[in-house]
1. Name the residues in region 185-210 that are surrounded by fewer than 21 Cβ atoms within 10 Å (Cβ to Cβ), over 11 Å from the mean Cα position of the chain (by Cα) and not aliphatic (A, V, I, L, M), would you?
2. Report yes if Val237 is modelled with pLDDT under 85 and exposed (fewer than 15 other Cβ atoms within 10 Å of the Cβ), otherwise no.
3. Among (1) over 29 Å from Ile123 (Cα atoms); (2) in a helix (DSSP H, G or I), where does Leu171 come up short?
4. Given the condition out of contact with any Lys or Arg (no Cβ under 7 Å at 6 or more places or on another chain), open to solvent by 30 Å² or more (accessible area, probe 1.4 Å) and closer than 25 Å to Leu205 by Cβ, answer yes or no: does some residue in region 157-171 qualify?
5. Among the numbered conditions (1) closer than 30 Å to Pro61 by Cβ; (2) modelled with pLDDT under 90; (3) among the aliphatic types (A, V, I, L, M), tell me where Val117 comes up short.
6. Please name all residue pairs, on different chains or six or more residues apart, with Cβ atoms under 8 Å, provided the first residue is in region 75-102 and is outside any helix (DSSP H, G or I) and the second residue is surrounded by 13 or more Cβ atoms within 10 Å (Cβ to Cβ).
7. So Lys33 passes all but one of these: (1) among the charged types (D, E, K, R); (2) open to solvent by 100 Å² or more (accessible area, probe 1.4 Å); (3) touching a His at 6+ places or on another chain (Cβ under 9 Å). Which condition number does it fail?
8. Identify all residues within region 142-156 that are surrounded by fewer than 21 Cβ atoms within 10 Å (Cβ to Cβ), within 16 Å of the chain's Cα centre (by Cα) and assigned to a helix (DSSP H, G or I); write none if there are none.
Amino acid sequence: MKKVLRLLFYIVVVGYAVITLGPFIWSIITSLKPTSDLNTFAVNIKHLTLDNYKMIITKFPFLRWFINSAIVAAIVTFGNILFNSMTGYALARINFPGRNLLFMVVLALMMVPGQVVMVPTYILLSKLGWVNTYMGLTIPFLTSNFGIFLMRQFFLSLPKELEEAATIDGLSRFGIFFKIVLPLSKPALATQFIFMFTGNWNSFLWPSLLTSSDNMYTLPVGLNSFYGQYYQFWNQVMAGAILLTLPTIVIFLIFQRYFVKGISTTGLK
């Protein structure tokens with residue numbers, strides 16, 4: 001009976017892997033096909049080529065779009081890591097009037113769809129002159145209610161005795177936060193880094209609203225304009241999709257061990 005159950009488990013795992021990885025592998029193979037082989041399901045290894053990638057990189061301002069995405073994702077991600085961690089620490093460790101009420105407000109705002117504040121935010125950014133600028137793409141998104149909640153829950157799981165010992169040794173509140181608490185929070189920080197970087201790297205709606213010139217497009221917005229012109233050539237479309245996906249895969253592979261640990265420990269008290 002155990003052998004049968006183990007066999008069924010392996011079949012389910014392999015089936016799930018095929019369903020999950022199948023489309024991605026198909027996308028990679030399609031991105032390497034010449035246009036003449038698009039209508040054939042068979043794969044001729046001798047015909048596989050990198051010409052589709054070269055076309056995207058050379059014919060379009062791909063490097064500029066990539067740099068824009070990297071700048072926006074880096075600023076927003078590191079801003080979230082800093083400000084969300086500081087806010088989460090204050091809500092977890094510092095006693096001040098209205099702390100619990102403020103935390104309830106954070107939880108309530110997590111339930112508000114982003115579309116509700118889209119128009120007011122755009123009007124505000126327009127009046128500030130931040131449309132089609134890096135400031136408009138980054139500053140309004142430097143904090144996240146989810147990130148604050150994530151960090152607060154993790155900080156609650158840390159023993160207070162470490163901070164009390166640091167206080168006796170003469171460390172200030174900021175010293176405790178930066179020298180004791182943050183180094184112990186690598187799993188939660190890595191989890192937040194993956195979520196924030198992936199979300200901002202793949203973000204399309206806000207950058208498409210806030211940018212109007214080619215030199216300010218982020219990669220998803222730029223590739224979307226490319227899809228509109230070359231949607232019938234699926235090999236080139238898939239090449240663009242693969243280039244967009246690669247950085248997020250690399251980030252996840254780098255931080256995956258911290259990510260799993262962060263997910264398993266966050267929320268324990």
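1. Lys186, Pro187, Phe204, Ser208
2. no
3. (2)
4. no
5. Val117 satisfies all of (1) closer than 30 Å to Pro61 by Cβ; (2) modelled with pLDDT under 90; (3) among the aliphatic types (A, V, I, L, M) except (1).
6. Ile94/Arg173; Phe96/Ala90
7. Of everything listed in (1) among the charged types (D, E, K, R); (2) open to solvent by 100 Å² or more (accessible area, probe 1.4 Å); (3) touching a His at 6+ places or on another chain (Cβ under 9 Å), Lys33 misses just condition (2).
8. Listed by number, the residues that qualify are Asn145, Phe146.
The values are calculated or read from the model by the stated rules, or taken from the named source; none is laboratory data. These numbers were taken from a predicted model, which means no experiment stands behind them. Note that each Cβ is placed from the backbone with ideal geometry, even for glycine, and that neighbours are counted across all protein chains shown. For accessibility, only protein heavy atoms count, side chains too; no ligands or nucleic acids. Shrake-Rupley method; radii C 1.70, N 1.55, O 1.52, S 1.80 Å.
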